[in-house]
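*Asks:* I am attaching a structure below and will ask some questions about it afterwards.
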Amino acid sequence: MHFSKSAALLAVAAGASVVSAADAPETQGNAATTVYEARFSNADVGNAYLNFTGTPDGVGVLVTACFGNIVAAQAGPYPYHIHQMVVPADNNCTATGGHLDPYMRTDEPPCDANAPQTCEVGDLSGKHGKIPLDVNTAMWCTSYVDKFLSLKSDDQAFIGNSRSIVVHNAEKVRLACGNIVAAAAGGMGASSANTTTTPGATSTGGPAVSTGAAGRIGANALALGGILGVAAMLF
Ligand SMILES: [Cu+2]
């Protein structure tokens with residue numbers, strides 16, 4: 001059950017105290033030097049990393065996202081979203097709550113990618129497409145500007161305020177999750193792809209600064225090397 005936007009507006013016009021969902025405004029002032037990232041892996045999602053940076057004109061956020069080695073037993077394509085809360089130390093994705101939705105749009109009816117301003121701010125796959133993987137071998141990457149995300153802490157659509165990324169299977173079951181944290185340096189790829197098998201454990205205190213790859217890349221170097229090797233073969 002949900003109210004359509006027009007129904008809600010009519011209700012407001014008639015004097016009813018209905019809170020109307022509002023379209024998301026385009027964000028401003030997102031500096032290209034500001035970088036946030038989310039990196040995680042587990043048994044169901046072999047590897048995932050997302051970078052979020054500002055844009056040359058400051059409007060919106062440039063998202064670069066790669067996902068690999070999602071297990072074949074979990075049917076795709078896979079939705080993924082920005083969720084409201086941080087992943088706790090026990091790595092329980094359910095604890096991340098619902099989608100980032102500061103304008104109270106809710107997820108019904110489903111996001112119309114042709115009208116992204118009407119979607120939940122955190123519904124990245126609704127606006128930009130689901131992860132099309134359906135086997136456990138390939139790595140897939142995408143990049144887009146989402147005009148409704150913000151890197152400014154005083155914006156309702158700020159993504160760095162202890163938010164997280166959750167990857168779901170086609171039935172919306174939460175497969176994996178990782179926190180969005182401020183990145184110490186920009187860029188992504190082999191040199192900075194510090195994947196970890198304990199996502200959340202290093203950043204439960206909020207938008208912590210990433211501590212770099214040296215301490216954590218060792219445990220996953222083989223896995224990452226395998227993924228990059230596959231990617232190299234594919235491309
Ligand atoms: Cu989600």
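The values are calculated or read from the model by the stated rules, or taken from the named source; none is laboratory data. Treat the numbers as computed from the prediction; the structure is a model and nothing was measured. Note: ideal-geometry Cβ built from the backbone for every residue, glycine included; neighbour counts use all protein chains shown. Ligands, DNA and RNA are stripped out before the accessible areas are found, and what is left, the full protein with its side chains, is counted by its heavy atoms. Shrake-Rupley method; radii C 1.70, N 1.55, O 1.52, S 1.80 Å.
*Asks:* Rounded, prolate or oblate for segment 16-169? Axes are the square roots of the Cα gyration tensor eigenvalues, ordered a ≥ b ≥ c, and the cut-off for rounded is a/c under 1.5.
*Replies:* Values: a/c = 1.62, a/b = 1.36, b/c = 1.19.
Here segment 16-169 falls in the prolate category.
*Asks:* Given a Förster radius of 30 Å and the C-beta distance between Asp23 and Asp154 as r, what FRET efficiency does 1/(1 + (r/R0)^6) yield to the nearest 0.05? Numbers along the way, then the final one.
*Replies:* Numbers: r = 20 Å, r/R0 = 0.66.
According to the calculation, E is roughly 0.90.
*Asks:* Can you give the FRET efficiency for Asn161 and Gln117, using 1/(1 + (r/R0)^6), R0 = 25 Å, r = Cβ-Cβ distance, to the nearest 0.05?
*Replies:* Working: r = 21 Å, r/R0 = 0.84.
Working from the Cβ atoms, E equals 0.75.
*Asks:* Rolling a 1.4 angstrom probe over the protein chains, ignoring ligands and nucleic acids, what is the accessible area of Val87 in square angstrom, nearest 10?
*Replies:* 0 Å²
*Asks:* Among the aspartates and glutamates, which have Cα under 17 Å from the Cα of Lys127 when same-chain residues fewer than 8 positions away are ignored?
*Replies:* Answer for Lys127, where 17 Å is the Cα cut-off: Asp23, Glu26, Asp101, Asp107, Glu108, Asp112, Asp146, listed by chain and number.
*Asks:* Using +1 at the C-beta of Lys and Arg and -1 at the C-beta of Asp and Glu, which of Asn92, Asn47, Gly126 has the Cα lying farthest in the positive direction of the dipole of segment 34-180?
*Replies:* Asn47
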